[in-house]
1. Restricting attention to the stretch 20-35, and to residues there that are among the small types (Gly, Ala, Ser) and within 10 Å of residue 184 (Cβ to Cβ), which single residue is surrounded by the fewest Cβ atoms within 10 Å (Cβ to Cβ)?
2. Of (1) away from the ligand (no atom under 13 Å from the Cβ); (2) of a type in the set (Phe, Trp, Tyr); (3) more than 22 Å from residue 75 (Cβ to Cβ), residue 141 satisfies all except one. Which?
3. Take the residues in the stretch 1-18 that are surrounded by 21 or more Cβ atoms within 10 Å (Cβ to Cβ) and within 12 Å of the ligand (Cβ to nearest atom); name whichever of them is nearest to residue 190 (Cα to Cα).
4. Suppose the filter is within 16 Å of the ligand (Cβ to nearest atom), out of contact with any strand residue (DSSP E or B) (no Cβ under 7 Å at 6 or more places or on another chain), in a loop (DSSP other than H, G, I, E, B) and not aromatic (Phe, Trp, Tyr); does residue 166 pass it?
5. Can you run down the residue pairs with Cβ atoms below 8 Å, 6 or more apart or on separate chains, where the first is in the stretch 5-31 and closer than 24 Å to residue 94 by Cβ and the partner is of a type in the set (D, E, K, R) and at pLDDT below 95?
6. Sort out which residues of the stretch 169-196 are under 14 Å from residue 108 (Cα atoms) and either modelled with pLDDT under 95 or assigned to a loop (DSSP other than H, G, I, E, B) (or both), and write them in order of number.
7. Kindly provide the set of residues from the stretch 170-190 that are more than 16 Å from residue 8 (Cα to Cα) and either more than 16 Å from the ligand (Cβ to nearest atom) or surrounded by 16 or more Cβ atoms within 10 Å (Cβ to Cβ) (or both), ordered by number.
8. Can residue 69 be described as surrounded by fewer than 21 Cβ atoms within 10 Å (Cβ to Cβ), farther than 26 Å from residue 197 by Cβ and in contact (Cβ under 8 Å) with a residue 12 or more places away in the chain?
Amino acid sequence: MPPRRLVVLVSGAGSNLRALLEATADPAYGAQVVAAMADRPGTGGLDAARGADVPTKVVDFDRYPTRADWDDALLGEVSAYAPDLVVCAGFLRILAAGFLDRVGCAVVNTHPALLPAFPGAHAVRDALAYGVAVTGATVHFADHGVDTGPIIAQAAVAVRDGDDEASLHERIKAVERPLLVDTVGRLARRGWSLHGRKVTVP
Ligand code: GRF
C-alpha cells in the first residue's frame, strides 16, 4: 500500500511536526508528510519541514478580509495535496465546520490535556489553576466543536509541586510527541472504525 498522505498544520515551534517528519523518514511508518502549512509567518514548524524538503505554505490569517475567506484559502491549499489525513500539530485555530465537511478526509488534533477536561487554547494553564494532580495529552478526531471530537489516544502526566505552565507543558509535550507519532502511524497503517464516539484501530 502506498504511504498515506499527511498534511500537517502548525502555528508554533513545531516539535510535534518535527517528530512526525522523523518518523515518516522510515518507509515502514506507512505515511509521509506531503505538505506542512501554518496560519502565520515565522513558525519554527515550517522551517523543520523545509529542512526535510517538504513543501510548505503560509495561509496567513491576518491577510484575509474575513474568516470565511481564510477558511476557503486553507481548504484550497490543503485539498491540492489530496491528503488521506490532516494533522493539526499545535495548530491554534479551530477549523470551521465548512472546512471539516469539505476537506474529504479525517482531521486529527493533538491537545495538551486529558479531554474532555480543559478544552480550548489555555489547557495547561487551566489544568494548573484547577489544581489537578494528573493531566496529559489527547489525540482526537476534530469535529464541529472545540476539542470535542472522538478520542483516539491519551497519555497521562503527573503535575509536580512547583510546576508552572512552561515546565508542565514541556513534560506534556514529551509524552505528546510519541503519542501523536504512534497514533498517526497506526491510523495510517491499519485504518480505524468509529461507532458513536468509540474509535477502534484494529
Ligand atoms: C502542543 O502541546 C499542542 O498540543 C498545543 O501546542 C503545543 C504545540 O507544540 N496546542 P509544538 O509547536 O508542536 O512544539
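1. Top of the filtered list is 30.
2. Going through (1) away from the ligand (no atom under 13 Å from the Cβ); (2) of a type in the set (Phe, Trp, Tyr); (3) more than 22 Å from residue 75 (Cβ to Cβ) one by one, residue 141 breaks only (3).
3. Ranking the candidates gives 8 first.
4. Answer is no for this residue.
5. Taking only residues 6 or more apart or on different chains, the pairs are 11/93; 14/47.
6. 191, 192
7. Hits for the stretch 170-190 are 171, 172, 173, 175, 186, 189, 190.
8. So residue 69 fails the test.
The values are calculated or read from the model by the stated rules, or taken from the named source; none is laboratory data. Quick caveat: nothing in here was measured; it's all calculated off a predicted structure. Don't worry about glycine lacking a Cβ; one is built from the backbone with ideal geometry, like all the others, and counts go over all protein chains shown.
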